[in-house]
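Chemist: Quick one: the structure is below, questions incoming.
Please treat every number below as a calculation from the coordinates, not as lab data. What you see is a predicted model, and the numbers here were worked out from it, not measured in a lab.
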Amino acid sequence: MQASVIAGAVVASLLSAQVAAKEWTHIRFGVEGAYPPFSYTQPDGTVAGFDVELAHAICEQLKARCELVAQDWDGIIPALLARKYDAIIAAMSITAERERSVSFTDKYAKIPNRFVVAKDAALDLSPDGIKGKRIGVQRASTNDKFLSDSYGSGVTIVRYGSADEAYLDLRAGRLDAVLNDASATQQGLLDKEGGDRFEFRGPEFTDEKWFGRGMGIAVRKQDNELREQLNGALRALRDNGTYQRINAKYFEYSIYGD
């Protein structure tokens, strides 16, 4: 009887080890597709950008089939929890609030957030100077929460489904400023035709209370094996130079942060 119990325990231990070592041969990534240069939708409907190339490089490193699923930002975490895809790679900041719902890999980028305004705008972006102004943000983003917590009812926060929609209203004079990831604003507005009429103004915002520890890949809390495999792939891509090559394709500086 004792030998039987021991044998059963050994079998259970082996089965447990096999479960812990699960390999993901097909990984579905949720991506926004409306946040250049991290992700954007091309004329043929396919998504491209830094996050997209990084996802493909991760899959190649893990010898897994890669699938990209476009998803509006508002529902990107609920769709993960509903198993529409297995992970989110969408320039998502690692924050304590989000960690109540999902788990994150180690950071793969860290970029400050800044206000962008028209160059000819006589706009003081101090807490007093910004009172009564219309500020555009992407809905449900860290910038949305930061403005709500820091400026409250002192400003009119105008929320958009994508940053591009906010830039359109800024160009049209319907907003006084937009607050967004500085690199996304650079390529989504300042580097485009007519972008020379706008500029960054005010401080860089990086406070971990609102903006987290950098950008990470989100997975469901129960998918710890996937998170660990993604972390291993990210480390390997930095070690072999693949990450740096993708970075250089989309940015003129390292976005990894300190």
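Chemist: For Gly30, what residues show an amide H to amide H distance below 5 Å, using hydrogens built from the backbone and excluding near sequence neighbours?
Modeler: When sequence neighbours closer than 5 places are left aside, the close amide H contacts are Val69, Asp86, Ala87, Ile88, Ile89.
Chemist: Please work out which option in [x] 1.02; [y] 1.16; [z] 0.95 gives Cα Rg over 2.2 N^0.38 Å calculated from these coordinates, and answer with its label.
Modeler: Calculated Cα Rg over 2.2 N^0.38 Å: the matching label is [y].
Chemist: One-quarter of the Cα convex hull surface for segment 113-211, in nm²?
Modeler: 5.5
Chemist: Show that you can apply the helix-only estimate: for the chain, add -39,500 (n - 2.57) for every DSSP H stretch of four or more residues, divide by all residues, and state [θ] at 222 nm to the nearest 500.
Modeler: My calculation for the chain gives -10500 deg cm²/dmol from helical runs alone.
Chemist: What is the Cα centroid distance between segment 204-258 and segment 95-127, reported in whole angstrom?
Modeler: Their Cα centres are 16 Å away from one another.
Chemist: Of Lys133/Lys209; Lys22/Lys145; Lys107/Lys249; Lys63/Lys84, which sit over 28 Å apart, Cα to Cα? Intermediate results must be reported in sequence, preceding the final value.
Modeler: Working: Lys133/Lys209 24 Å; Lys22/Lys145 37 Å; Lys107/Lys249 19 Å; Lys63/Lys84 21 Å.
Violating the 28 Å limit, Cα to Cα: Lys22/Lys145.
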